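Where a number appears in this text, it was derived from the coordinates with a stated rule and is not lab data. Predicted, not measured: the structure shown is a model, and the values here were computed from it. Here the Cβ is made from the backbone with ideal geometry for all residues, glycine too, and neighbour counts use every protein chain on show.
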Amino acid sequence: MSLISFLIALAFVVLAQGASVGQDERLRYDNYSVYKVKFETQEQRSFLKKFVEDRDNFRLWQETKDELHLMISPGAFSEFESQIQKTNVSAKVFIGNVQELIDSEDEANLKASRDGSFGWTKYNSLAEIYEWLDGILATYPTITESFVLGQSYEGRTIRGIKISYKANNPGVFIESNIHAREWITSATATWLINEFLTSTDELVRNLAENHDWYIVPVLNVDGFVYTHEKDRMWRKTRQPSDISTCVGVDPNRNYDSHWMESNGASSNPCAEDYGGPNPFSEPEIQAMADYVSSNKDKINVLLAFHSYSQLLLSPYGHTDEEFPPNFDDLMEVAKAYADAVESLPYGTTYRYGSSAGVLYFATGATIDWAYNEQGVEISYTIEFRDTGRYGFILPPVHIIPNAEEALVGIAALIDKCQELGYLELK
Ligand code: 0X9
Ligand code: ZN
Ligand code: ZN
């Protein structure tokens, strides 16, 4: 074969497969677009979800009560169009070329890396985060304490930091980056750690010093490294399956609480919301569960950081017909967070409600397990910026504004918890 016909053949292979591997071994998403698909019936929803489950050409980005956000490869566009017509739903593009967003994120990272490694004008790698954490622990040896949740499937250490200024404080646990591609979560978690230790603001000092903070900036360490080195859009863990060539489990479906009930997770290893072969099949989730259950008497509040959608979600995830005993309090506390965010000049709004009520059925999630099985009465999933303009590839200029929103939101949330009597020592 001549070189030119080889290149033409190669181009066809690349086109047919959609995502191609770039020179640095990272998956490329040239001309992949993301669509908001509005559906009306549950039949339409299941049909569309089935349709995208097994496919390299389609990826589920996000879903709400009446919308699916789907990433489509350029090669599969006509198939997508005919499915849309067949299902009789409407679709609107909101990201034209995913690779363009990844490229500008890379550029921002490169630029920021030139003047020092760690910071909040770019997204940091796991190595950078851990190195920074070591510096923090060395600088504040009496206030901070390092802890280890355990080891990931690929053998990485899952680290956390406890910040405690005095004895007998109520405890707040923050889980972050359980989903690999949700980079804004670890950026926000590290910024909060820094604020708690360095801010001179009255509100922040009170918040920092009167509560014990347990913060795990990156829970899904293998997935996170994979998003930096191979596939920016990876969500799950990296443990291979015994029954499929598809890799990974949705760690936020893997906790042992109503596991796999009510279609709250998929049994298909290729799906983005695969619940795993059994509860706690993922070592990262087992490690997290072990840590939380042995410290549950010290944890008054648990927050799980996610993106995107600008939502506060509380239990339950397995039913929308029944509500948890303190649902009214949970709504009042969520409202305090949303109101505080709205009081900032950015104009960001948060909605709130129960997971199953506002979003969709999701079983085996961190907050439901903490609430149902560990008695943590205040537990929320917080879905950070944005609502889809950039989705997971939120430009780094958003990091500090998003983190400021989280800070005032959490301060208001904790205040409300105090008022309602949830911060008593257990
Ligand atoms: O589906 C999820 O795991 C979360 N959304 S995300 O887009 N970040 O993947 C929401 C989970 C909320 N549901 C429950 N906590 N049950
Ligand atoms: Zn059940
Ligand atoms: Zn998530």
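Once the C-beta distance of Thr139 and Ser117 is scaled by a Förster radius of 22 Å, the resulting FRET efficiency is 0.85 to the nearest 0.05.
Largest first and in whole Å, the equivalent-ellipsoid semi-axes of the chain read 35, 25, 20, each the square root of five times a Cα gyration tensor eigenvalue.
Of all DSSP-defined beta bridges confined to the stretch 105-420, some 40% are antiparallel rather than parallel.
Using the Cβ-Cβ distance between Glu100 and Cys270 with R0 = 25 Å, the FRET efficiency computed as 1/(1 + (r/R0)^6) comes to roughly 0.40. Between the alpha-carbon centers of the stretch 148-192 and the stretch 275-303, tell me the distance in whole angstrom. With the stretch 148-192 and the stretch 275-303 each reduced to a Cα centre, they are spaced 13 Å.
Reported to the nearest whole Å, the Cα centre-to-centre distance from the stretch 356-380 to the stretch 51-94 is 28. Once the C-beta distance of Leu110 and Phe77 is scaled by a Förster radius of 30 Å, the resulting FRET efficiency is 0.45 to the nearest 0.05.
Note on Lys36: aspartates and glutamates with a C-alpha under 15 Å away, same-chain residues under 8 apart excluded, are Glu63, Asp66, Glu67, Glu81, Asp386. Over all alpha-carbon pairs of the stretch 279-353, lay out the pair-distance distribution in 5 Å bins, whole %, shortest bin first. Reading upward from the zero bin: 3, 12, 16, 20, 20, 16, 9, 4, 1. In sequence order, the stretch 38-53 has phi-based couplings of 8, 10, 10, 10, 5, 5, 4, 4, 5, 4, 5, 5, 4, 4, 8, 4 Hz under the Karplus curve 6.51 cos²θ - 1.76 cosθ + 1.60, θ = phi - 60°, and Gly or Pro positions carry x.
If you take every residue apart from Val225 with its C-beta less than 15 Å away from the C-beta of Val225, what net charge results, scoring Lys and Arg +1 and Asp and Glu -1?
Neighbourhood net charge equals -1.
Across the stretch 105-420, how many lysine pairs separated by 8 or more positions, or lying on different chains, have Cα atoms within less than 21 Å? Step by step, the pairs that qualify in the stretch 105-420 add up to 10.
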